1. In 10 Å bins starting at zero, report the fraction of Cα pairs in the stretch 44-102 per bin as a rounded %.
2. Just report the Cα centroid separation between the stretch 101-130 and the stretch 3-72, whole Å.
3. For a quick size check, give me the Cα extents of the chain along its three principal axes, largest first, whole Å.
4. Evaluate the relative contact order of the stretch 2-216 (contact order divided by residue number), counting alpha-carbon pairs under 8 angstrom at least 6 apart; express in whole percent.
5. Provide the FRET efficiency to the nearest 0.05 for the Glu108-Ile177 pair, computing r from the beta carbons and using R0 = 22 Å.
6. Provide Rg over Rh for the stretch 42-152; use the alpha carbon set for both Rg and the Kirkwood Rh (inverse mean inverse pair distance).
7. Would you mind giving the average projected area, over all directions, of the Cα convex hull of the stretch 91-155 in nm² with one decimal?
8. Once a ≥ b ≥ c are taken as the square roots of the eigenvalues of the Cα gyration tensor of the stretch 105-217, is the result rounded (a/c under 1.5), prolate (a/b larger than b/c) or oblate (a/b not larger than b/c)?
Amino acid sequence: MHILLIAATAFEIQPVIDFLQAPEHPLSGHTVSIQVTGIGSMSTTYYLTKSIREKRPDYVLQAGIGGSFSTHFSPGRVVLVEKEMTGDLGVEENGIFKDLFEMGLQKEGAHATTSKWLVNPHTINWENQGLALVNGVTVNEITTRASRIEQLQQNYGVTVESMEGAAFHFVCLQEGIPFLQIRSISNYVGERDKKAWKMKEAIAALNDQLINIFKTL
Ligand SMILES: O=C(O)c1cccc(C(=O)CC[C@H]2O[C@@H](n3cnc4c(=O)[nH]cnc43)[C@H](O)[C@@H]2O)c1
């Protein structure tokens, strides 16, 4: 199988890049392409679509760090994102955010272009492997305001925030390619003290899990 691995930055997947470059790495039967997409949905959409068209992968993995809304998922924990939504496509009126569906600008339908939730139908086997399935929200601006954090949690029940996840789900659903998004928690959403972030631990856990996934695929 040909696997495409994408990440916003090379930094997040450097241990796996090194692992795959070692001549003796034990990934029998698989070939892997790597694409660094840059941070954010726009850049992810472009580079992911381009890579899919050029490499024709059988399976696509997105790996990255993310923020957690929940103390059940503390920094260093790796999660699998089952469904994604865009958290800042809409309007904020009188302190309340409304997405396109709540504004009446988009009607809910079965297709990825008309669904609030971009659901990965290929997660069940991975849950059986002990990976926690969570809901993700994707934003252009990292969420910091307490009232906004509360709204995202209450309205959508999201556990993890990133800047690329929804773009990844959207493109893979449109292209009909099986996919998996794994996020390692580096921080709590809204935590601005970088000393409290667990970047190093999150990246180590992310890459360990990625190698497990490669071996299981
Ligand atoms: O917030 C900052 O000042 C900051 C400075 C340097 C680097 C970063 C990041 O790497 C965050 C963006 C990057 O990581 C993902 N991520 C990690 N935590 C969060 C979060 O709480 N909310 C949204 N995205 C997050 C994101 O997917 C980007 O790829 C930040």
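1. Pairs per bin, as whole percents: 15, 30, 35, 18, 2.
2. 21
3. Projected onto the principal axes, the Cα atoms of the chain cover 59, 40, 31 Å.
4. Relative CO of the stretch 2-216 lands at 31 percent.
5. Rounded to the nearest 0.05, the efficiency is 0.40.
6. When Rh is taken as the Kirkwood radius, the ratio is 0.98.
7. Values: hull surface 24.1 nm².
Projected over every direction and averaged, the Cα hull of the stretch 91-155 covers 6.0 nm².
8. Taking the square roots of the gyration eigenvalues as a ≥ b ≥ c, the stretch 105-217 is oblate.
Throughout, read-outs are computed from the coordinates displayed, never taken from laboratory work. Note that the structure is a prediction, hence the values are computed from the model and not measured. Backbone-built Cβ (ideal geometry, glycine too); neighbour counts: all protein chains shown.
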